[in-house]
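The values are calculated or read from the model by the stated rules, or taken from the named source; none is laboratory data. Because the structure is a prediction, the values reported are computed rather than measured. Here the Cβ is made from the backbone with ideal geometry for all residues, glycine too, and neighbour counts use every protein chain on show. Areas reflect the complete protein model, heavy atoms only, side chains present, ligands, DNA and RNA absent. Shrake-Rupley method; radii C 1.70, N 1.55, O 1.52, S 1.80 Å.
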Amino acid sequence: MTTTRPTTGTHADTDPSRPPTPTPLTVTPHPVASPEAALVLRAYLTDVADRWYLLHHGRTTTPEEVERHLAEDPSDDLVPPGGVFLLARLGGEPAGCAGLRRLDARAAELKRMFVHPERRGRGVGAALLAAVEETARGWGAERVVLETRRDLREARALYARHGYTAVEPYVHGPYTEVWLGKALDRADG
């Protein structure tokens with residue numbers, strides 16, 4: 001599964017007097033154990049951990065804390081046949097990621113949804129969600145669920161724009177405050 005679409009925006013070397021050139025956006029499955037995935041996942045964890053630590057402790061995370069969190073909550077379940085790691089590229093450069101894992105025969109769980117801050121507002125999040133939903137449908141899932149935090153407002157707004165609504169809590173943890181889900185339409189075909 002590969003999703004490709006142009007986004008609004010321009011290449012850095014575009015002449016300002018010319019019309020903007022669409023930047024290609026792709027979302028493809030990628031090995032979660034690769035060095036490239038590790039860099040994106042580290043950026044994801046640093047972003048969400050920094051927000052948590054700033055809100056609750058008035059400081060950002062230390063490199064040691066990031067390493068500890070990566071070790072405590074690995075992404076090694078985002079591999080076939082029960083999971084997938086999706087990497088978004090904007091203009092060929094990593095722009096974000098999303099993971100999906102099967103919960104049961106009817107549900108899949110969105111994990112590790114992230115768009116690099118400098119790539120936000122360019123359709124990357126929407127493309128990742130579309131790829132997640134397409135993958136879940138391909139597995140035969142009837143819904144996608146996720147858990148997040150209240151302070152991740154941009155992510156919650158993205159989910160709401162794409163039809164995700166509150167669901168009953170299905171997991172619990174120290175960073176789990178909001179549970180969302182979306183029923184998937186049957187794929188046409």
Quick check on the stretch 120-133. Is at least one of its residues without any contact (Cβ under 8 Å) to a residue 60 or more places away in the chain and either open to solvent by 40 Å² or more (accessible area, probe 1.4 Å) or in contact with a Pro (Cβ under 6 Å, 6 or more places away or on another chain) (or both)?
yes
As an exercise: evaluate L87 against (1) crowded, with 16+ Cβ neighbours inside 10 Å; (2) more than 19 Å from A126 (Cα to Cα); (3) in contact (Cβ under 8 Å) with a residue 24 or more places away in the chain and give the number of the one condition it does not meet.
(2)
So Y53, is it farther than 19 Å from A95 by Cβ and at pLDDT 60 or above
yes
Out of everything in the stretch 27-42 that is open to solvent by 30 Å² or more (accessible area, probe 1.4 Å), touching a residue at least 40 places away in the same chain (Cβ under 8 Å) and not in a loop (DSSP other than H, G, I, E, B), what residue ends up being nearest to R122 (Cα to Cα)?
T28
Restricted to the stretch 102-119 and to residues being under 19 Å from T165 (Cα atoms) and more than 8 Å from the chain's Cα centre (by Cα), the residue surrounded by the fewest Cβ atoms within 10 Å (Cβ to Cβ) is R106
Taking the stretch 141-152 and keeping only residues that are under 23 Å from D104 (Cα atoms) and either open to solvent by 90 Å² or more (accessible area, probe 1.4 Å) or touching a residue at least 40 places away in the same chain (Cβ under 8 Å) (or both), one is left with A141, E142, R143, V144, V145
Cβ-Cβ below 9 Å, separation at least six or inter-chain, first residue in the stretch 153-172 and over 14 Å from V132 (Cβ atoms) and open to solvent by 90 Å² or more (accessible area, probe 1.4 Å), second among the hydrophobic types (A, V, I, L, M, F, W, C) and not in a helix (DSSP H, G or I): which pairs?
E154/V115; E168/W179
For the structure I just gave you, tell me whether V66 is under 24 Å from E177 (Cα atoms), of a type in the set (V, I, T), free of Cβ contacts under 8 Å to residues at least 40 places away in the same chain and crowded, with 21+ Cβ neighbours inside 10 Å.
no
Of the residues in the stretch 43-63, how many are without any contact (Cβ under 8 Å) to a residue 40 or more places away in the chain and surrounded by 13 or more Cβ atoms within 10 Å (Cβ to Cβ)?
8
Take the stretch 173-189 and flag every residue that is free of Cβ contacts under 8 Å to residues at least 12 places away in the same chain and closer than 24 Å to Y53 by Cα.
P174
